[in-house]
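Here the structure is laid out as structure tokens; the discussion comes afterwards.
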Amino acid sequence: MYRHALKAPATTLISKSFFSVPAARHAPLLTLSAARTMATASSRVSDRIKHDHRELETYYNKIKTATSEDEKVRWQNQFVWELARHSIAEEIVVYPAMEKYLPDGVKMAEKDRSEHQIVKEKLYTFQKLSPSDPQFVPTIDSLWQALSQHIAEEERDDLPSLEAAIEEAESGRLANSFARTKHFVPTQSHPSAPDRPPYETAAGLLAAPIDKLMDLFKKFPNQDETKV
């Protein structure tokens, strides 16, 4: 009886402490069912990727227009979280598909990986900066300049070519795979990690749990604010 009396308050305190943390302080949550829903809503892989691009553009603008350091930090974390996952999912799912289905796919994928490496290195620097750092704004602007150029070329050349070369069912399969992959990959930039499967997949599985644990202690925007 005495042991039980001691245990009860401890359990109560842990539960109360965990569930009383404001939702905005938690990392974004992406369940497998949510990943399936998103993939279904965007049946083509190009639609899924373009939606991510619009999200990233929105998050960048939120960083630039935020009026407080707290707000900037939340959108900085959201931007890093989304871009890290998006980039790795493209390298694991989309670029191998380009290499498989397009005559110049290998060359196109190599170009995209090179551009990703530049973005990853800039993101690695940015994710460590505080909004009060003088390099915060120049770094995110430089990062966005490189990323927006990559996005424009990808949407103009790569994605239309890939969609023209594959059946609708295959595009849907790639969209599903892309959404699922984002659930398991790291949420921070690791520019020294491999950039192609199977090595990138293995490295990601090792890094992702650590990244996601760190995310629990970061501030993020409320979920409703991130919808695009």
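Summary of values
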item	result
Hey, A27 touching a helix residue (DSSP H, G or I) at 6+ places or on another chain (Cβ under 8 Å), surrounded by 14 or more Cβ atoms within 10 Å (Cβ to Cβ), at pLDDT below 95 and closer than 17 Å to N222 by Cα or not	yes
Tally of residues being without any contact (Cβ under 8 Å) to a residue 12 or more places away in the chain and buried (at least 23 other Cβ atoms within 10 Å of the Cβ) across region 177-192	0
Condition met for P160 (surrounded by fewer than 16 Cβ atoms within 10 Å (Cβ to Cβ) and assigned to a helix (DSSP H, G or I))	yes
Pairs, first within 30 Å of L129 (Cβ to Cβ) in region 143-165, second basic (K, R), C-beta under 7 Å, six or more apart	L143/K122; A146/K122; E155/K50
Number of the exception - R74 against (1) modelled with pLDDT of 95 or more; (2) of a type in the set (D, E, K, R); (3) surrounded by fewer than 16 Cβ atoms within 10 Å (Cβ to Cβ)	(3)
Residue check, P138 modelled with pLDDT of 95 or more and part of a loop (DSSP other than H, G, I, E, B)	no
Filter result for L143 (crowded, with 19+ Cβ neighbours inside 10 Å and touching a Gly at 6+ places or on another chain (Cβ under 9 Å))	no
Any chance K182 is at pLDDT 90 or above and either charged (D, E, K, R) or touching an Asp or Glu at 6+ places or on another chain (Cβ under 6 Å) (or both)	yes
Pair list, Cβ under 6 Å, 6 or more apart: region 52-68 residue assigned to a loop (DSSP other than H, G, I, E, B), other residue among the charged types (D, E, K, R)	A66/K72
Hey, S177 modelled with pLDDT of 95 or more, over 22 Å from Y59 (Cβ atoms) and under 15 Å from the mean Cα position of the chain (by Cα) or not	yes
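The values are calculated or read from the model by the stated rules, or taken from the named source; none is laboratory data. Remember, predicted model here, so these are calculated numbers, not experimental data. Neighbour counts run over all protein chains shown; Cβ positions are idealised from the backbone, glycine included.
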